[in-house]
Amino acid sequence: MERSSKIYVAGHRGMVGSAIVRRLQAEGYNNLTLRTSTELDLRNQKATEDFFDTERPEYVFLAAARVGGIWANSTRPADFLYDNLLIQCNVIHAAWKFGVKKLLFLGSSCIYPRLSPQPIREEYLLTGPFEPTNEPYALAKVAGLKMCTAYRRQYGCNFITIMPTNLYGPGDNYDLYSSHVLPALLRKFHEAKIQNSNKVIVWGTGSVLREFMHVDDLADACLFLMLHYDEELWMNCGTGEELSIRQLAEIIQEITGCNAAIEFDPQKPDGMPRKLLDSSRLRGLGWQPRIGLKEGIRDVYQNSFLKEYNSALMREKAIPMASN
Ligand code: GFB
């Protein structure tokens, strides 16, 4: 990929896509072609193919997806399956049809079996049942990964896949019913602080383990793989460090400076008991993350939280939460 190459970042308004755009621009890749979902609905095959026909991107980062935390995944299974299957089918097929030189597909660590051995190696894919709370999303992401390998085998396309761990960072979603745990807890502790509440409710038992990566590290890994990796086998991308949801809550309690007590709600789902990626293949290629968890959360709380939290509040005023 040259600095002058024409690059399409699908999903550039999302947390991952916007981080990829920032990273590309910082490196001098300025020939980007970008469309919002209103300008181009990637679920529409004709619109997607017309876009590829007109724009002829040479490289594609496929970061467009319907994403969400455990609650959104559990309550909107049809949307997660339908939207993600259509988006990735249309983009991957058009990338083949219009001669894209290389495509990077963004997967997710939830594609691995619920009770996978840990840390999770790439080859554990499809060795056991999915975690039920995110089965539709996982199925869609596995289908996307398999499309990349199928187009590679049948048509010789250089389509690769990265499997990121749980992410956070600028551009995150602070809506309590669709967000992931980290932004949800930032919001809950922030609100408890300004409202002087004496407790914060954390879903589940708090004992499940997760690994979190700053999205700027992921964007760096995406560019690294676009430049240096051409193999079929998908690539795990994580930090190698895990912590319990209770420990995460304690870190966020400290960073937000909130004195409220932590109370768990075991009626809410826990999801996968553990989800730690084995990222040694990516490390072996010479890539590693740079942003520590506390440093990353502090940075988000100081620099991007308020603006994005306020946008979430505005959206909630416009569309009451009950409609989620
Ligand atoms: O981040 P999260 O929604 O997604 O939840 P998953 C992680 C854990 O945090 C679960 C707990 O055990 C939640 O019960 N948790 C505690 C909370 N308090 C909260 C809260 O206020 N909000 C949320 N959202 N969680 C998702 C998958 O799984 O991970 C997706 O559903 C995707 O498919 C994504 O793969 C990365 O890690 O459980």
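The values are calculated or read from the model by the stated rules, or taken from the named source; none is laboratory data. These numbers were taken from a predicted model, which means no experiment stands behind them. A quick note on method: Cβ atoms are made from the backbone with ideal geometry, for glycine too, and the neighbour counts reach across all protein chains shown. Note: accessible area is taken over every heavy atom of the protein model, side chains too, but ligands, DNA and RNA are not part of it. Shrake-Rupley method; radii C 1.70, N 1.55, O 1.52, S 1.80 Å.
Assorted remarks:
- Apolar share of the accessible surface for the chain: 50 percent from carbon plus sulfur atoms, 1.4 Å probe.
- The calculated P(r) of the stretch 34-75, using every Cα pair and 10 Å bins from 0, goes 22, 47, 21, 10 in percent.
- Per-residue SASA remark: T127, around 100 Å² accessible (1.4 Å probe; ligands, DNA and RNA not included).
- Using a probe of 1.4 Å on the protein chains alone, the accessible area found for K141 is around 10 Å².
- Helix 293-303 and the longest principal axis of the Cα set of the chain meet at an angle near 90°.
- Shown for the stretch 44-120 is the translational diffusion coefficient from the Stokes-Einstein equation, using the Kirkwood radius over Cα pairs, a temperature of 10 °C and a viscosity of 1.306 mPa s: 112 µm²/s.
- Acute angle (nearest 10 degrees) that the helix 135-155 long axis makes with the longest principal axis of the chain, alpha-carbon atoms: 20 degrees
- Taking the charge dipole of the chain about its Cα centre, with +1 at Lys and Arg Cβ atoms and -1 at Asp and Glu Cβ atoms, the residue from V100, V67, T48 reaching farthest to the positive side is T48.
- Semi-axes of the equivalent ellipsoid for the stretch 237-297, Cα gyration tensor, largest first, Å: 28, 17, 6
- For K141, the lysines whose Cα comes closer than 19 Å to its Cα, not counting residues fewer than 8 places off in the same chain, are K102, K275.
- Over 18 Å [Cα-Cα, the stretch 160-278], rounded percent: 57 percent
- Dipole size of the stretch 273-324 about its Cα centre, with +1 on Lys/Arg Cβ and -1 on Asp/Glu Cβ: approximately 180 debye, rounded to the nearest 20.
- Alpha-carbon centroid distance for the pair the stretch 258-280 / the stretch 4-63, whole angstrom: 33 Å
- Kirkwood Rh and Cα Rg combined as Rg over Rh, evaluated for the chain: 0.96
- Heavy-atom accessible area per residue - the chain, 1.4 Å, Å²: 44 Å²
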